[in-house]
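Below is one structure; the comments refer to it alone.
The values are calculated or read from the model by the stated rules, or taken from the named source; none is laboratory data. For clarity, every value in this text was computed on a predicted model and none was experimentally measured. Using ideal geometry, Cβ is built from the backbone for each residue, glycine included, and neighbour counts are taken over all protein chains shown. Ligands, DNA and RNA are excluded from the accessible area calculation, which covers all protein heavy atoms including side chains. Shrake-Rupley method; radii C 1.70, N 1.55, O 1.52, S 1.80 Å.
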Amino acid sequence: MSYKTVILGTGPAGLTAAVYLARANMEPLVIEGPEPGGQLTLTTEVENYPGFPDGIMGPELMDNMKKQAERFGATFKRGWVTEVDVNNRPFKLAVDELGEIEAETLIVSTGATAKLLEIPGERENIGKGVSTCATCDGFFFKGKKVVIIGGGDSAMEEANFLTKFASEVRIIHRRHELRASKIMQDRARNNDTINWSLNKTPVEVVSDGMKVSGVKVKDNETGAEETIETDGVFVAIGHRPNTDFVQGKVDTDEAGYILVTPGTTDTNIPGLFACGDVQDSKYRQAVTAAGTGCMAAMDCERYLEGQAALDWSQSL
Ligand code: NAP
């Protein structure tokens, strides 16, 4: 099977690229990975995506984007990409269940995954009090108690942000020293609404099955356990870009995020574009991901037009 363009990933970036490329008659193939719809399918209500004054459920938003792309001719297939060859043209992809696929251009929008603590009560309470995104879910904790787990810049930033809504914000970190930059630490330290539980390791998220009521932590010095009462647990221990399959083939930063030429979605491989969280460790919002998805589609279209013009002039 050979395609003009293959899009990997079905979060807001990949689906927006699919809408644009399908409307440009490029008939893109979109490969849906293990988490169709991406991180938004792990949230409940999305209130900050423009155009939905009453909010929209994350899975519904993603489903709508998929239907919109299908309406214009995008094809969706489930599969897991195990190998990519970007040294030869067309690119070759080995996809479990689908076999080998050839692509003139490739858009990588495989996203990033928020790291979890992997403690009891955590995963099963996502959407019931456990969140990995304060920007997305902070509003739901107006006047309530929340804890943030982590000691990096994200944890400091999210803690400060949450003080706008929550009545009490507590940072829980596994060491005495914070990893966050000094300026971010200072901002959090100077915020009176923020309390601290340092050198404590979270061991369990406590809930009644319907909603979270606390987090059990262990003191790393004494080994004593205590339960901190809270309505919300924000896990801010970092993200991991889903780029294992392109490591060593496309330029990435130390953390694995794909490097793009600023202001574009171009990678160091002509014809291979990256959009969404896979190339963005800073904004990580559905709307910014969708924006870069649109950019990737336009960059891709222009690249293919350039290649066609080159082929034509060489044939004269
Ligand atoms: P990070 O810098 O990797 O920090 C992760 C934090 O989570 C660390 O304090 C780490 O503890 C803790 N942690 C990791 N695994 C854990 C576990 N299993 N249990 C308990 N704690 C755990 O991640 P980040 O804060 O998301 O930042 C990522 C990048 O984005 C950084 O480069 C950061 O500077 C940048 N960023 C910048 C801004 C800004 O400038 N406005 C905002 C957000 C993020 P240890 O310290 O003990 O390892």
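Given the Cα-Cα distance of Lys115 and Arg187 and 0.36 nm per residue of separation, how much length would full extension add, in nm? Working shown, then result.
Details: separation 72, 0.36 × 72 = 25.92 nm, distance 2.42 nm.
Full-extension gain reported as 23.5 nm.
Show me 99-105, 188-194 ranked by packing, highest mean number of other Cβ atoms within 10 Å first. Provide the component values of the computation, followed by the final result.
Values: 99-105: 18.4, 188-194: 14.3.
Sorting 99-105, 188-194 by mean packing, highest first, produces 99-105, 188-194.
With the full set of protein chains in place, find how many percent of the accessible area of segment 75-127 is carbon and sulfur; take the probe as 1.4 Å.
Values: 1210 of 2630 Å².
Of all accessible area on segment 75-127, carbon and sulfur atoms account for 46 percent.
Quick one: putting +1 on the C-beta of Lys and Arg, -1 on the C-beta of Asp and Glu, what dipole do you get for the chain around its Cα centre, in Debye to the nearest 20?
With Lys and Arg at +1 and Asp and Glu at -1, about 540 debye.
Quick check on segment 116-235: what are the equivalent-ellipsoid semi-axes from the Cα gyration tensor, as sqrt(5λ), descending, whole Å?
Details: eigenvalues 80, 65, 27 Å².
Here the semi-axes work out to 20, 18, 12 Å.
Suppose we keep just the DSSP beta bridges with both residues in segment 79-220; what percent of those would be antiparallel, to 5? Mind showing how you got there, number by number?
Details: 17 of 28 bridges.
Rounded to the nearest five, the antiparallel share is 60 percent.
For the chain, what does the accessible surface come to per residue with a 1.4 Å probe? Please give it in Å².
Numbers: 15520 Å² over 316 residues.
That works out to 49 Å² per residue.
Please work out how many pairs of lysine residues in segment 116-235 are eight or more positions apart (or on different chains) and have Cα atoms closer than 17 angstrom.
14
Round to the nearest 10 and give me the degree value, 0 to 90, for the angle of helix 153-162's Cα axis relative to the longest principal axis of the chain.
So the helix axis and the longest Cα principal axis differ by about 70 degrees.
I want to make sure I understand the PRE zone here: with the label point 7 angstrom from the Cα of Lys142 toward its beta carbon, which residues in segment 157-177 have backbone N atoms less than 19 Å away?
Flagged as within label range: 161-169.
Among Val215, Asn25, Val250, which residue has its Cα positioned farthest towards the positive end of the charge dipole of the chain, with +1 placed on the Cβ of Lys and Arg, -1 on the Cβ of Asp and Glu, and the dipole taken about the Cα centre?
The Cα lying farthest towards the positive end belongs to Val215.
Could you order the peptides 232-239, 244-251 from most to least packed, using the average number of other C-beta atoms within 10 Å per residue? Intermediate values should be presented prior to the final figure.
Numbers: 232-239: 23.5, 244-251: 15.0.
Put in order of decreasing packing, that is 232-239, 244-251.
Below 10 angstrom from the Cβ of Asp231, what's the summed charge of the other residues (Lys, Arg +1; Asp, Glu -1)? Write down the numbers at each step before the final one.
On the way: positive: Lys144, Lys145, Lys211; negative: Glu168, Glu229.
Cβ neighbours under 10 Å give a net charge of +1.
Tell me which lysines have Cα within less than 20 Å of Lys66's Cα, excluding those fewer than 8 residues away on the same chain?
Lys4, Lys77
List the extent of the Cα atoms of the chain along each of their three principal axes, largest first, rounded to whole Å.
77, 38, 35 Å, listed from the longest principal axis down.
Can you give the helix-only mean residue ellipticity at 222 nm for the chain, where every DSSP H stretch with n ≥ 4 adds -39500 (n - 2.57) and the sum goes over all residues, rounded to the nearest 500 deg cm²/dmol? Intermediate results must be reported in sequence, preceding the final value.
Details: 6 runs with 77 residues, N = 316.
Using -39500 (n - 2.57) per qualifying helix, the result is -7500 deg cm²/dmol.
If you take the Cα Rg of segment 72-123 and divide it by 2.2 N^0.38 Å, with N the number of residues, what do you get?
Values: Rg = 15.7 Å, N = 52, 2.2 N^0.38 = 9.9 Å.
Ratio of Cα Rg to 2.2 N^0.38 Å: 1.59.
Please report the antiparallel percentage of the DSSP beta bridges confined to segment 6-164, to the nearest 5. Intermediate results must be reported in sequence, preceding the final value.
Details: 12 of 23 bridges.
Restricted to segment 6-164, the bridges split so that about 50 percent are antiparallel.
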